[in-house]
Amino acid sequence: MMPESPTPAGTDDALLSPPPGCPAHAFGPQGVRRLYGPDADDLRSLYEELREEHGPVAPVLLPDDVPMWVVLGHAENLQLVRSPTQFSRDSRIWTPLREGRVKPDHPLMPHIAWQPICSHSEGDELLRLRGAVNGALSTIEFRALRRHINRFSQMLVNRFCEEGEADLVSQFADHLPMAVMCEILGMPEEYGDRIVHAARDMLKGTETAIASNQYIVDALGRLATRRRAHPEDDFASHLITHPAGLSDEEVREHLRVVLIAAYEATANLLANVLRMVLTDSRFRNRLNGGQLTVPEAVEQSLWDEPPFSTVFAYFAKQETELGGHRIRRGDGLLFAPAPGNVDPKVRPNLRAGMKGNRAHLAFGGGPHECPGQDIGRAIADVGVDALLLRLPDVELACEEDELRWSESISSRHLLELPVYFEPREPQDVLQKPALNAVPQQRASWDLSTSEADATQTPSRPTAPTELLQAPQSPARPDGVWRRLVRWWRGY
């Protein structure tokens, strides 16, 4: 017999509640584990306990003791996202929501509430909305994108390179994805500390989160209005002019979800790759020795520390079975890349590298697989490469176990990454990142001397320019491999 769906019964009897600090707080009705509260501050360990107790799928409780399943197995997560006839992203069929057990002010409502966006749609509507998003994304020229990433990376490093120390989360990883996404969407003028703070504040769910969300919505609304009137060559314009004919609300909501989802995922990915390079000697030594490339380090990070721990949510369209458990119609299930990526069935040895293996769950799968994953990879690849070229001696300024994290059901965010390095001068943001700034080249026709040169060098009669220039042999052309690398990095 398969285990039944979790159906905890509520109670108002305060006498039945355990005293504060009691381990029983980790359990709700019927002994189901809670994914919230003081006893859920280490969700990684909790997921492993659930895997040991229940197998690849486990019953859990969300805030307010709302029942949910969390999918822990790698194969079971793929089955979940690849079975649109059995599981939907439309929360309107979720039983606790239909029964009024999920209140409008539930802390996870922004993640769960249905919206007119492709990630909550299915069938013909999914094809229409997803087609518009994919069509707009297909217009992005990746060589130009890499130039933008290099330019913004240079700009950010210039802000702290002379100090000899920095926090690579707040001064680099939190800013680079937002700068790039504002450029992609078509609103580079909106990039700045204010929109970065608003996005981070909204994702934290603080008391000012509603105001921060409104700030971002207003910025995207201004962008949509401008591009309706005057389309240009950017994501917003191509989304608006796509034959799918998105409404104003659909345009605004898709701009919002693309900006915030891409920002959160890429900021976490960028911070995690930098942390891995700084704290794991295996990767730092292999990078320095040319045995590991930055893109390979990015893929390893996507296995070990996916940007989203879980994704809210999938809902059963019919009674079915998953991981040996009976799933009832209307049950909710969390797609969970973090525990799925460490499933012992696919990774019996977590210390073993995953070089060349992209079978991780970081970007989902099936009809709702992340459409912008190549943009996230590019920002992490180019951003980390640019930083290490500028600051090759960068070192962690604290012990690894002193690093602090902010963890929620949906993600695990590194709060700080303090580093130190040899202070260096800023560089031209339009030049490719390098250890030392490229000196300004004197033109071949410029024979002037500085005042200091004039005081040290005796003056001599001038001569015709052609007599002062030695014959030059033609420059040796770059080889095929060097040209390919320069093109890939956007130089």
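The values are calculated or read from the model by the stated rules, or taken from the named source; none is laboratory data. These figures come from a predicted structure and were not determined experimentally. Glycine gets a Cβ as well: all are built from the backbone with ideal geometry, and neighbour counts include every protein chain shown.
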2 or more residues at pLDDT below 90 and among the aromatic types (Phe, Trp, Tyr): qualifying helices (runs of 4 or more DSSP H) within region 103-209: none
Close pairs (6 angstrom Cβ cut-off, 6 or more residues apart or separate chains): closer than 13 Å to Leu62 by Cβ in region 104-121, of a type in the set (Ser, Thr, Tyr) and not in a loop (DSSP other than H, G, I, E, B) anywhere: Ile112/Ser91
Failed item in (1) under 22 Å from Gly330 (Cβ atoms); (2) at pLDDT below 95; (3) surrounded by fewer than 15 Cβ atoms within 10 Å (Cβ to Cβ), with Pro20 passing the rest: (1)
Output for region 61-101, where each listed residue is part of a loop (DSSP other than H, G, I, E, B) and closer than 30 Å to Leu246 by Cα: Arg82, Ser83, Pro84, Thr85, Gln86, Arg89, Asp90, Trp94
Residue that is nearest to Thr293 (Cα to Cα), among those in region 341-369 that are assigned to a loop (DSSP other than H, G, I, E, B) and of a type in the set (S, T, N, Q): Asn357
Any hit, region 396-411, residues being assigned to a helix (DSSP H, G or I), more than 25 Å from Leu72 (Cα to Cα) and at pLDDT 95 or above: yes
Filtered residues of region 216-238 (kept if over 26 Å from the mean Cα position of the chain (by Cα) and part of a helix (DSSP H, G or I)): Thr225, Arg226, Arg227, Arg228, Ala229
Conditions (1) farther than 17 Å from Asp331 by Cα; (2) in contact (Cβ under 8 Å) with a residue 12 or more places away in the chain; number of the one not met by Val71: (1)
Pair list, Cβ < 8 Å and 6+ apart or interchain, from region 346-373 residues that are within 24 Å of Phe142 (Cα to Cα) to residues that are surrounded by fewer than 16 Cβ atoms within 10 Å (Cβ to Cβ): Phe363/Glu369; Gly365/Arg82; Pro371/Asn134
Residue match in region 119-126 (condition: under 22 Å from the mean Cα position of the chain (by Cα), under 26 Å from Asp201 (Cβ atoms) and surrounded by fewer than 20 Cβ atoms within 10 Å (Cβ to Cβ)): yes
Residues satisfying the stated conditions in region 52-78, i.e. surrounded by fewer than 23 Cβ atoms within 10 Å (Cβ to Cβ) and either of a type in the set (Lys, Arg) or closer than 13 Å to Phe315 by Cα (or both): Pro67
Tally, over region 417-426, of residues that are touching a helix residue (DSSP H, G or I) at 6+ places or on another chain (Cβ under 8 Å) and either in a strand (DSSP E or B) or surrounded by fewer than 16 Cβ atoms within 10 Å (Cβ to Cβ) (or both): 2
